Each structure stands twice: as structure tokens, then as C-alpha cells.
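Below is one structure, written out as C-alpha cells; the observations come after it.
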Amino acid sequence: ETNYNSGYNKGSYNSHYQKDNELVVYSTESERAVFYRKTYTHVALAILAFILVETALFRLIPPYFIEDMFAAPFIAFFEVGILLLGSFMATKWSHSLNKNTQYLGLGFYVLLESIIFLPLIYMALAYVGTEVLWQAAIITLSLFAGLTAVVFMTRLDFSFLRSVLIIGGFLSLGLIVAGALFGCELGLWFSIGMVVLAAGGILY
């Protein structure tokens with residue numbers, strides 16, 4: 001009887017564990033709606049945290065140090081490399097069963113993005129002004145709305161994009177290195193390609 005009860009309890013525990021970690025695609029409509037609402041809430045809070053951290057960095061870091069960050073050789077190569085490494089670490093932490101570790105991964109990624117965007121936003125404000133930031137915000141919101149519509153309307157599994165993103169990431173690194181070595185401007189099409197790659201990353 002003891003062995004039977006132990007096996008029963010263990011089976012009940014495993015069943016409950018699998019239920020808590022069930023893929024969203026197998027959930028009910030109401031469960032899916034709760035998941036999406038929580039996900040979008042976390043995205044909104046992460047964006048708010050990004051704005052606050054970015055503002056704090058602008059107030060704390062001297063302008064000459066930010067300019068040195070932008071003027072350093074192969075800065076684009078290092079930025080993409082650090083972003084890929086940081087994304088890997090943050091993703092690994094986000095897959096942990098420990099909720100604190102998951103939030104650590106999210107916070108680390110927000111901090112990493114804030115540091116990478118610091119020299120870019122600084123140069124944009126110095127040469128163009130606040131208008132370009134508003135344009136970027138509008139484009140970003142439009143892209144986010146488009147991706148959201150794709151996910152909700154198609155309900156496809158975008159896990160197949162993993163190989164495409166890896167190949168695209170290494171290809172972008174190669175183009176950046178080639179541009180830095182031979183003094184070539186990557187231009188508009190490279191920027192469009194990077195936007196598409198980022199969109200694929202969000203879908204994935």
C-alpha cells in the first residue's frame with residue numbers, strides 16, 4: 001500500500017508538473033489569453049525599464065566616454081558579438097524553472113540593450129535631434145503590431161527560424177567585419193536586413 005501510494009503521489013506530481021509546463025499551443029483559449037496578457041505585460045515593463053536605465057546612463061556617464069564608445073574600432077562587430085552572447089545567456093536563464101532566474105535573464109538583457117543603444121541614441125540626438133527617435137519609436141511600434149497580428153492570425157510555430165537566425169547572425173557579422181576592413185558603407189539594404197533579422201528573432 002505504501003509503494004502504491006508513493007507511486008500514485010509521484011504520478012500525480014508529474015502530471016501536475018507537466019500541466020504547469022504545458023506548451024501554449026496545447027492550452028485552452030482562456031489559458032492562452034492569460035499567457036499572452038502576462039507576456040505582453042512583461043514586454044511593456046521591460047521597455048519601461050529600458051527607458052529608465054537608458055535615462056540613468058545618460059545622466060551618469062560623461063559625454064566624452066559615450067563618444068569614445070562610438071568611435072572605437074570594430075565597435076559594430078563587438079556590439080553584435082556581445083548582443084549574441086548576452087542573448088544566449090539571457091535565453092538560457094529565461095528557460096530556468098526558477099522564476100528569480102527568469103527575471104535575472106530579463107533584467108540582464110534589458111541592461112545589455114541599454115548599454116548597446118547608449119552611443120547610438122547619443123549620436124542620433126547630437127546630429128539629428130529628437131525627431132529621429134520619434135520616427136524610430138513609430139516604426140518599432142508598427143513592426144511590433146505587425147508581428148503581433150502575424151502571431152495571432154496564423155498561430156504558426158516559428159521555431160523553424162532558429163537556423164535562419166543563426167546563419168543571418170553570422171552573415172551580418174561577416175558583412176560588418178568586411179565593411180570595417182575595406183571601408184565599405186553597408187547602406188540602407190543592410191539596415192533593412194537587420195530589421196528583418198530582428199523581426200525573425202521576435203517571432204522565434
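The values are calculated or read from the model by the stated rules, or taken from the named source; none is laboratory data. These numbers were taken from a predicted model, which means no experiment stands behind them. Here the Cβ positions follow ideal geometry from the backbone for every residue, glycine too, while neighbour counts run over all protein chains shown. With ligands, DNA and RNA removed, areas are computed over all heavy atoms of the protein, side chains included. Shrake-Rupley method; radii C 1.70, N 1.55, O 1.52, S 1.80 Å.
Mind telling me which of the residues T140, T130, T148, T154 ends up being within 16 Å of G201 (Cβ to Cβ), of a type in the set (S, T, N, Q) and open to solvent by 60 Å² or more (accessible area, probe 1.4 Å)? The unique qualifying residue is T140. Within region 141-162, being at pLDDT below 75 and either within 14 Å of V195 (Cα to Cα) or in contact with a Leu (Cβ under 8 Å, 6 or more places away or on another chain) (or both) holds for one residue alone: V151. Does any residue of region 174-194 turn out to be within 18 Å of Y40 (Cβ to Cβ) and polar (S, T, N, Q)? Scanning region 174-194 turns up no residue that is within 18 Å of Y40 (Cβ to Cβ) and polar (S, T, N, Q).
Where helices (runs of 4 or more DSSP H) fall entirely within region 95-204, those with at least 2 residues that are touching a residue at least 60 places away in the same chain (Cβ under 8 Å) are at 99-127, 161-182. Tallying residues that are over 16 Å from F117 (Cα atoms) and at pLDDT 80 or above within region 37-84 yields 7. Of all residues in region 164-183, those satisfying the criterion of being open to solvent by 70 Å² or more (accessible area, probe 1.4 Å) and under 22 Å from L84 (Cβ atoms) are V164, I166, I167, F170, L171, L175, L181.
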